[in-house]
Amino acid sequence: MIRNKKNIFINRIIHYYVKWIVARQFHEVLFNDVGLDKSKSVLLVANHFSFWDGLILYCVTEKLLKKQYHVMVEEKTVHMLQYLKFAGAFSVTKKSRDIINSLDYAARLLDDPQNLVLIFPQGKLFSNYVEDVRFDKGVLRIMQKAQGKYQLLFASTFIQYFKHKKSTATVYLKTDNNNYTNIAGLKEAYQQHYSSSKLLQTQFDI
């Protein structure tokens, strides 16, 4: 398992690089405000459709939540893009015993109210407009291990070009206070948020 690295100098460089590259790639990044308890950490559950997902959400949460950003990423991706570990990334290897270490590490991060942990429960990339969002079971272990110490936040991100040369990223956020005991209940709740967000996205009038 590869853990995120703390280096004040490199972390600041990566911080400004991520903000610059997202601003360069997109016409704008839109998101709604949500009310969160500052005394608790945040478990952010999001859809996964591109390389840009984690970078977009980094910029959104940096503006909105002001918490230390951590994101679970496949180990092969961290090996390819070494700078990610300085941007809050820690690795997970599927179909390996090491996956338990990654899930437990994510849960421990949620012990600190200053932290935010981003998880992509789909486990791999899917179309931005897929109808049914699949969920791996790992996210439930994180929630059970960190029970009561975090607040759950759903994010659905969609990309459209509208009339601009560059695309617009729209992030729909929603808090959820339910204590889920099974993956089916969590998936259903996220699916409802994702489906309603997608409907709103199709109703944009430019």
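Table for the structure above
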{"item": "Single match in Gln160, Gln201 (criterion: open to solvent by less than 30 Å² (accessible area, probe 1.4 Å), modelled with pLDDT under 95 and under 26 Å from His27 (Cα atoms))", "result": "Gln201"}
{"item": "The lone exception for Lys94 - which of (1) more than 12 Å from the chain's Cα centre (by Cα); (2) outside any loop (DSSP other than H, G, I, E, B) it fails", "result": "(2)"}
{"item": "Filtered residue count, region 38-55, keeping only those that are open to solvent by 20 Å² or more (accessible area, probe 1.4 Å) and more than 16 Å from Gln25 (Cβ to Cβ)", "result": "4"}
{"item": "Answer residue from region 167-194, given it is free of Cβ contacts under 8 Å to residues at least 40 places away in the same chain and open to solvent by 30 Å² or more (accessible area, probe 1.4 Å) and is nearest to Asp33 (Cα to Cα) among those", "result": "Asn177"}
{"item": "Residue list for region 150-182, restricted to those being farther than 18 Å from Val117 by Cα and among the β-branched types (Val, Ile, Thr)", "result": "Ile159, Thr168, Thr170, Thr181"}
{"item": "Filter result for the condition that a residue is buried (at least 21 other Cβ atoms within 10 Å of the Cβ) and over 20 Å from Ile183 (Cα atoms), over Tyr83, Tyr69", "result": "Tyr69"}
{"item": "Subset of region 173-191 (residues that are within 19 Å of Phe31 (Cβ to Cβ) and of a type outside the set (Lys, Arg))", "result": "Leu173, Thr175, Asp176, Tyr190"}
{"item": "Residue within region 154-176 that is on the phi > 0 side of the Ramachandran plot and either in a loop (DSSP other than H, G, I, E, B) or of a type in the set (Ser, Thr, Tyr) (or both) present", "result": "yes"}
{"item": "Top-ranked residue of region 63-84 - restricted to ones that are over 15 Å from the mean Cα position of the chain (by Cα) and not hydrophobic (A, V, I, L, M, F, W, C), ranked as nearest to Ile21 (Cα to Cα)", "result": "Tyr83"}
{"item": "Residue within region 19-27 that is within 30 Å of Phe162 (Cα to Cα), part of a strand (DSSP E or B) and of a type in the set (A, V, I, L, M, F, W, C) present", "result": "yes"}
{"item": "Given (1) modelled with pLDDT of 90 or more; (2) open to solvent by 20 Å² or more (accessible area, probe 1.4 Å); (3) more than 30 Å from Asn178 (Cα to Cα), number of the condition Ile8 does not satisfy", "result": "(1)"}
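Residues are listed down the side, and each one gets a yes or a no for (1) more than 27 Å from Gln191 (Cβ to Cβ); (2) open to solvent by 50 Å² or more (accessible area, probe 1.4 Å):
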position: Val29; (1), (2): no, no
position: Val34; (1), (2): no, no
position: Leu57; (1), (2): no, no
position: Lys76; (1), (2): yes, yes
position: Val92; (1), (2): no, no
position: Leu103; (1), (2): no, no
position: Val117; (1), (2): no, no
position: Arg134; (1), (2): no, yes
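The values are calculated or read from the model by the stated rules, or taken from the named source; none is laboratory data. Just so it is clear, the structure is predicted and the values come from calculations on it, not from any experiment. Cβ coordinates were reconstructed from backbone atoms using ideal geometry, including for glycine residues, and neighbour counts include every protein chain displayed. Heads up: the accessible areas ignore ligands, DNA and RNA and are worked out on the full protein's heavy atoms, side chains in. Shrake-Rupley method; radii C 1.70, N 1.55, O 1.52, S 1.80 Å.
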